[in-house]
Amino acid sequence: MSVVTEEAVFEQVTEILTANFNVPLDKVAPQATFRGTFGMDSLDIVDLVFFLQKHFGLQGELEDFRELHTMQKLCRFVHERQGTSAQ
């Protein structure tokens, strides 16, 4: 997979959230939080990490995502790490 911009990552994460977690598009913003704004629980977060790893080719542990509470932090992390899985 080719590396995409942070804006493109934001758009793709938004698509994952709206399609798989029923997050309303009008709630998605850089400072939106997964638990507070989107109402996601811990199982939702685990599922989201799985989707992100699969979609962006990320490698790592669930623990790597623990402090990424906002869309902006998550998208920056994904942008910096995309395509890091062993081929």
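No lab work stands behind these numbers, since they all come straight from the coordinates. The structure displayed is predicted, hence computed values, not measured ones. Note that we place each Cβ from the backbone using ideal geometry, even for glycine, and neighbour counts take in every protein chain shown.
How far is helix 71-81 tilted off the main Cα axis of the chain, in degrees rounded to 10, range 0 to 90?
Roughly 10 degrees between the two axes.
Which distance in nm do the two modelled labels at Glu7 and Asp26 give, with both placed 7 Å along the Cα-to-Cβ direction?
2.5 nm
Search the structure for amide H atoms under 5 Å from the amide H of Thr33, placed 1.01 Å from N in the peptide plane, and list their residues when 5 or more places away or on another chain.
Phe38
Non-local amide H neighbours of Val23 (under 5 Å, H modeled in plane, Pro and chain starts lacking H): which ones?
So Val23 has HN proximity to Thr18.
The chain: which GluC sites (Glu not before Pro) are DSSP loop and have at most 12 other beta-carbon atoms within 10 angstrom?
Glu61, Glu67
If eta is 0.890 mPa s and T is 25 °C, what Stokes-Einstein diffusion coefficient results for the chain, Kirkwood Rh from Cα pairs, in µm²/s?
Roughly 190 µm²/s, to the nearest whole number.
Let me spell out the model: positive unit charges on the Cβ of Lys and Arg, negative unit charges on the Cβ of Asp and Glu, origin at the Cα centre of the chain. What dipole size does that give, in debye rounded to 20?
Here the size comes out at about 40 debye.
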